[in-house]
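Have a look at the structure below, then the notes.
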Amino acid sequence: MAGRFAPRTARPPLPHQAAPAPRGTGANPSPAGRCDDAPLTREWTPPGPLDLRLVLSPLRRGPADPTFRMAADGTFWRATRTPEGPGTLRVVARGDRIGAQAWGPGAEWLLAGLPTLLGADDDPDAFTPHHRLLALARHRRPGLRLLRTGLVMESLIPSILEQKVTTDEAYRAWRLLVRRYGTPAPGPTATLGLHVMPDARTWAMIPSWEWHKAGVDTKRSSTIMRAVRVARRLEEASTMPLPEATARLELIPGIGPWTSAETLQRSNGAPDAVTVGDYHLPGIVGHALADNRHATDEEMLALLTPYEGQRHRATRLILLSGRIPERRGPRMTPGNIAAL
């Protein structure tokens, strides 16, 4: 971390260290925290069937994700850090149209990218099923489109947290770190508890003991530190073709094929970014396509050969088909390094 940032005469406080404004001073709240501003709005008609739950669900990192919510009325809330600053996006289906509202400095950026986020650039017709299971899954889920956020770090950091641990451990770490070091989301989000994830500088300033308290080992925290130091270069991968984007991310020690695929599936909407190195996916694909629940990565890739260029979409459809092998062994025991 030393030497990577320009020196300052006084280091600004981290979000959780900022002192609250005194009452009665008449001071205006920061733009990111205001909820009384009128939102920017937009409506968009998708080119075909669109299921918001299927499209947006990959952005959700657990049921208590502080950056994502699905409200009881069927609306979806997303808090994120855009190139223009923090922003909150609210999306709801209105018949065959999509309505959206946005708050914060990043509101215009979020609304401009709404069609891309919801899969306007995706081409579901490019997928040709070669197995009856996939043909049925596609028929039953016509609203599936692959989202594209255009934001790399937003997906890269939680993907690093998910390396080699249970999902519950990773979700807990993401939740604790974003709530402690992120900022409250713009707009009327107080009751939802939405937060915008920290910026690159704030991630780099998190002390080692806070990573430890969140249950993040040194290997993963060090990988995140290396990534945030070159965050601008990594964000450029969102506009690159898949091979170049993968190579850009994997230049960082600690980021391998699993992490790059999980990131680019979301940031780039890459239909061929198949996840290799996953603990469960090869067995799921092998069971669905060849009745082989013990398939390896190599066997999975061989089974997905007919879907070259669309292998990520094929695995999404397999997961949505419901043909998942029954568990026959004990669940992985969650670790707790914070207790050490």
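The values are calculated or read from the model by the stated rules, or taken from the named source; none is laboratory data. Since this is a predicted model, take the numbers as computed values, not measurements. For neighbour counting, all protein chains shown are included, and Cβ atoms are generated from backbone atoms with ideal geometry for every residue, glycine included.
Summary table below
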item	result
Contacts under 6 angstrom Cβ, first residue in region 163-183 being farther than 21 Å from Thr202 by Cα, partner in a helix (DSSP H, G or I) and among the basic types (Lys, Arg), 6 or more apart	Gln163/Arg220
Residue satisfying condition, being at pLDDT 95 or above and under 25 Å from Ala261 (Cα atoms), within set Leu194, Leu177	Leu177
Qualifying positions in region 237-247 - in a helix (DSSP H, G or I) and either within 16 Å of the chain's Cα centre (by Cα) or of a type in the set (A, V, I, L, M) (or both)	Ala237, Ser238, Leu242, Ala245, Ala247
Hits in region 80-117 (condition: of a type in the set (Gly, Ala, Ser) and part of a strand (DSSP E or B))	Gly85, Gly87, Ala93, Gly99, Ala100, Ala102
Unmet criterion (only one of (1) at pLDDT below 95; (2) under 28 Å from His212 (Cα atoms)) for Gly322	(2)
Those residues of region 44-79 which are aliphatic (A, V, I, L, M), in a loop (DSSP other than H, G, I, E, B), under 15 Å from the mean Cα position of the chain (by Cα) and under 26 Å from Pro124 (Cα atoms), in sequence order	none
Residue satisfying condition, being surrounded by fewer than 18 Cβ atoms within 10 Å (Cβ to Cβ), at pLDDT 95 or above and not hydrophobic (A, V, I, L, M, F, W, C), within set Arg232, Arg266, Arg248	Arg232
Top-ranked residue in region 248-273 [being under 14 Å from Ala227 (Cα atoms) and either among the small types (Gly, Ala, Ser) or part of a helix (DSSP H, G or I) (or both); ranked as nearest to the chain's Cα centre (by Cα)]	Thr263
Positions within region 276-311 being crowded, with 21+ Cβ neighbours inside 10 Å and β-branched (Val, Ile, Thr), in sequence order	Val285
Matching residues, region 109-147, being under 25 Å from Ala302 (Cβ atoms) and of a type in the set (Ser, Thr, Tyr)	Thr128
Subset of region 28-82 (residues that are closer than 12 Å to Val92 by Cα, surrounded by 13 or more Cβ atoms within 10 Å (Cβ to Cβ) and either modelled with pLDDT under 95 or not charged (D, E, K, R) (or both))	Trp44, Leu50, Leu52, Leu56, Met70, Thr75, Phe76, Trp77
Test: residue in region 183-198 that is touching a Pro at 6+ places or on another chain (Cβ under 8 Å), in a helix (DSSP H, G or I) and crowded, with 17+ Cβ neighbours inside 10 Å	no
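Per-residue answers, yes or no, for (1) within 28 Å of Val274 (Cα to Cα); (2) surrounded by 20 or more Cβ atoms within 10 Å (Cβ to Cβ):
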{"residue": "Ala135", "(1), (2)": "yes, no"}
{"residue": "Arg141", "(1), (2)": "yes, no"}
{"residue": "Met153", "(1), (2)": "yes, yes"}
{"residue": "Ser159", "(1), (2)": "yes, yes"}
{"residue": "Arg179", "(1), (2)": "no, no"}
{"residue": "Thr202", "(1), (2)": "no, no"}
{"residue": "Ser208", "(1), (2)": "no, no"}
{"residue": "Trp211", "(1), (2)": "no, yes"}
{"residue": "Lys219", "(1), (2)": "yes, no"}
